């Protein structure tokens with residue numbers, strides 16, 4: 001198992017390692033990166049996590065609001081700060097949020113199932129300049 005880094009979201013008490021690949025088995029252990037390169041590279045990093053409806057993993061993702069901060073740490077411990085700009089739902093089969101980003105910006109998209117499992121909660125955020 002290779003780790004992509006660590007995700008921290010203080011508002012909802014999240015601090016988890018992120019696997020560098022996505023599989024059903026790895027998602028049972030921690031969130032997984034399924035698209036994107038690195039925080040240094042313009043583009044969109046997408047991370048998926050389960051919603052177990054028990055306050056773990058991404059179960060409270062839908063409570064995030066505009067300007068909430070998300071921290072992404074690379075494997076060298078460097079911290080990247082992202083600011084939430086949108087939270088919404090899409091159908092489970094809709095992957096358009098993965099590809100909907102400005103090519104020159106550094107964005108982070110988080111996904112999880114909604115409380116009924118029929119839709120996906122999407123959190124879009126942009127990296128803050130340091």
**OP:** Determine which member of the set 33, 37, 66 is more than 14 Å from the chain's Cα centre (by Cα) and either touching a residue at least 24 places away in the same chain (Cβ under 8 Å) or assigned to a loop (DSSP other than H, G, I, E, B) (or both).
**Re:** 66
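Quick one: in region 41-63, which of the residues that are assigned to a loop (DSSP other than H, G, I, E, B) and in contact (Cβ under 8 Å) with a residue 60 or more places away in the chain is surrounded by the most Cβ atoms within 10 Å (Cβ to Cβ)?
First pass over region 41-63, keeping only residues assigned to a loop (DSSP other than H, G, I, E, B): 41-42, 49-60.
Filter once more, so that each one left must be in contact (Cβ under 8 Å) with a residue 60 or more places away in the chain: 41-42, 49-51, 53, 58.
Values: 41: 10, 42: 13, 49: 22, 50: 18, 51: 20, 53: 11, 58: 24.
If we take residues in region 41-63 being assigned to a loop (DSSP other than H, G, I, E, B) and in contact (Cβ under 8 Å) with a residue 60 or more places away in the chain, then 58 is surrounded by the most Cβ atoms within 10 Å (Cβ to Cβ).
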Original post:
Consider residue 85 against the criteria (1) under 23 Å from residue 118 (Cα atoms); (2) assigned to a strand (DSSP E or B): it satisfies all of them except one. Which criterion is unmet?
Top reply: (1)
Original post:
Do we find that residue 90 is in a strand (DSSP E or B) and buried (at least 20 other Cβ atoms within 10 Å of the Cβ) in this structure?
Top reply: no
Original post:
Within region 17-65, which residues are in contact with a strand residue (DSSP E or B) (Cβ under 6 Å, 6 or more places away or on another chain) and modelled with pLDDT under 90?
Top reply: 51
**OP:** For residues that are assigned to a helix (DSSP H, G or I) and either in contact with a helix residue (DSSP H, G or I) (Cβ under 6 Å, 6 or more places away or on another chain) or on the phi > 0 side of the Ramachandran plot (or both), tally how many sit in region 13-26.
**Re:** 0
Original post:
What's the number of the condition residue 120 fails, among (1) modelled with pLDDT of 95 or more; (2) surrounded by 13 or more Cβ atoms within 10 Å (Cβ to Cβ); (3) more than 14 Å from residue 7 (Cα to Cα)?
Top reply: (1)
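The values are calculated or read from the model by the stated rules, or taken from the named source; none is laboratory data. Predicted model, so just to flag it, every value in this text is computed and none were measured. Every residue, glycine as well, gets a Cβ built from its backbone with ideal geometry; the counts of neighbours run over all protein chains shown.
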